[in-house]
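Asks: Below you will find the structure I want to go over with you.
Any read-out appearing in this document is the output of simple, stated calculations on the displayed coordinates, not a laboratory observation. Remember, it's a predicted structure, so these values are computed and weren't measured experimentally. So basically every Cβ, Gly included, is an ideal-geometry build from the backbone, and we count neighbours across all protein chains shown.
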Amino acid sequence: MVRAADEQTHKRGQDGGFVGAMLIWLLKHDYIDAALTSFVEGDGSSWKALPGLARTPEEVLASSGSRYTYSANTLAIRDAEKEGLKRIALVGMSCQSSALPIMWKRKAGKIGKPFLFNIGLLCSKTFDDAIFEELFLAKYGLKKEEMVKMNIKGVFQIWMRDGSYHEIDLKECHKWTREGCKMCPDFAAEHADISTGGIGEDNDWTLCVVRTELGEEVMTRMIKDGSIIARPAETDATAMKLLRLLSIVSRRRWPEFANKAVSVGVPPPKKKADGTLPAAH
Ligand SMILES: Cc1cc2nc3c(=O)[nH]c(=O)nc-3n(C[C@H](O)[C@H](O)[C@H](O)COP(=O)(O)OP(=O)(O)OC[C@H]3O[C@@H](n4cnc5c(N)ncnc54)[C@H](O)[C@@H]3O)c2cc1C
């Protein structure tokens, strides 16, 4: 469990501000020229997520926080190319963080070369942009221009400019889940150097799964120089339980025709009282 030591980075972050802190650290220590992240269009009131380049700490912080609609961050590689930026970190949900190792493995060539860091976001799903008008506004009268923050913690949480707070049942939001997400077998961004998420008891810590030696090197150096504060994940039993549970739920979608090794050990879903399997698992 990690949080940014810098107050502003922590405050601007969705959870512990770890992703922002790591990108700023990588820029300052000359590991990268820029990161492919997600910004919000215009003054932010449209909540339209757009891929973009973060080349400075200010741009990193401008892109902090989570939007729960899709942002194809990998597309910003074209802008990096145009600007001659050659050392890149990618921030992306599990589907996006798989793109890099796939490019390397399948020898996609030049396009895969600039990527040096792969920062994953744990992810159960993204929603279609229409959810703002068709559910939040139509049913609850919540205008997107008035929203200041949103999060998903068992329910869809929305904070408004007037200080009010709203919770919307995730089952209601399901109709706006993007089709591809319903087939996703990877909750925990397993191809990333470090995977990050917000499950757990405290809202202001980022759960980090360090997966590669490179990820370990950066994490260790950041802890040592005081850029981040860390505590063992075992101190948050809820986070550990949810990480396992949600990873299993997604991995059960692993297709029958694909290499079975990837889903070895995934327990089958529990049967309902009438002996049938749950409809969506
Ligand atoms: C669509 C989505 C679904 C998620 N689902 C879960 C979940 O089910 N469980 C869970 O534990 N965590 C989930 N997360 C991760 C969580 O919301 C935080 O991103 C993570 O904990 C890191 O927090 P932080 O404070 O360290 O990051 P910050 O410092 O706030 O940095 C967040 C980074 O994510 C990027 N970003 C924001 N929105 C998007 C987007 N739509 N697409 C791509 N990149 C984006 C930002 O540009 C920024 O670089 C999800 C994130 C997203 C974007």
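Asks: Karplus couplings for the range 168-181 from phi (6.51 cos²θ - 1.76 cosθ + 1.60, θ = phi - 60°), rounded to Hz, Gly and Pro as x?
Replies: 10, 4, 5, 4, 5, 7, 3, 4, 9, 5, 5, 4, x, 5
Asks: Calculate for the chain the 222 nm mean residue ellipticity that helices alone would give, adding -39,500 (n - 2.57) per DSSP H run of length 4 or more and normalising by residue count, nearest 500 deg cm²/dmol.
Replies: Roughly -6500 deg cm²/dmol at 222 nm, from the helical runs in the chain.
Asks: Residue-wise, which Karplus ³J(HN,Hα) couplings in Hz belong to the range 31-48, taking 6.51 cos²θ - 1.76 cosθ + 1.60, θ = phi - 60°, and x for glycine or proline?
Replies: 7, 9, 8, 6, 10, 8, 10, 10, 10, 10, 4, x, 8, x, 6, 7, 6, 7
Asks: Another question, if that's okay. Could you give the size of the charge dipole of the range 129-176 about its Cα centre, using +1 on the Cβ of each K and R and -1 on the Cβ of each D and E, expressed in debye and rounded to the nearest 20?
Replies: In total the dipole reaches around 120 debye.
Asks: Which net charge results for the neighbourhood of Gly84, defined as the other residues with beta-carbon distances under 15 angstrom from its beta-carbon, given Lys and Arg at +1 and Asp and Glu at -1?
Replies: Local net charge: +3.
Asks: May I ask you to order 45-54, 159-168, 115-124, 247-256 by the average number of other C-beta atoms within 10 Å around their residues, highest value first?
Replies: The peptides rank, most packed first, as 115-124, 45-54, 247-256, 159-168.
Asks: Measuring from label point to label point, each 7 Å out along Cα→Cβ, what is the Val262 to Ala138 span in nm?
Replies: About 3.5 nm separates the two model spin labels.
Asks: Kyte-Doolittle cut-off -0.5, length cut-off 20 Å along the helix's own axis using Cα: show which whole DSSP H helices in the chain pass.
Replies: Helices passing the filter in the chain: 237-251.
Asks: For Lys153, go through the lysines and keep the ones whose alpha-carbon is under 20 Å away, minus same-chain ones fewer than eight residues off.
Replies: Output for Lys153: Lys11, Lys125, Lys144, Lys171, Lys175, Lys182, Lys241.
Asks: Let me check I've understood the local charge: for Trp205, count other residues with C-beta under 10 angstrom from its C-beta, Lys and Arg +1, Asp and Glu -1. What total comes out?
Replies: Result for the local shell: -3.
Asks: Here's another thing I want to ask about it. Below 13 angstrom from the Cβ of Arg3, what's the summed charge of the other residues (Lys, Arg +1; Asp, Glu -1)?
Replies: Computed value for this residue: -3.
Asks: Would you mind putting 105-111, 216-222 in packing order, based on average other-beta-carbon counts within 10 Å, highest first?
Replies: Per-residue Cβ counts within 10 Å, averaged per peptide and sorted highest first, yield 216-222, 105-111.
Asks: Measure out, as a whole number of angstrom, how far apart the alpha-carbon centroids of the range 192-221 and the range 6-48 sit.
Replies: So the two Cα centres are separated by 15 Å.
Asks: Quickly rank 60-69, 86-95, 258-267 as a protection proxy: mean count of other C-beta atoms within 10 Å, highest first.
Replies: Most protected by this proxy first, the peptides run 86-95, 60-69, 258-267.
Asks: Moving on to the next point. Nearest 20 debye, what's the magnitude of the dipole of the chain about its Cα centre given +1 on Lys and Arg Cβ and -1 on Asp and Glu Cβ?
Replies: It comes to approximately 1080 debye.
Asks: What is the range 129-176's relative contact order, in percent, from Cα pairs under 8 angstrom and six or more apart in sequence?
Replies: 27
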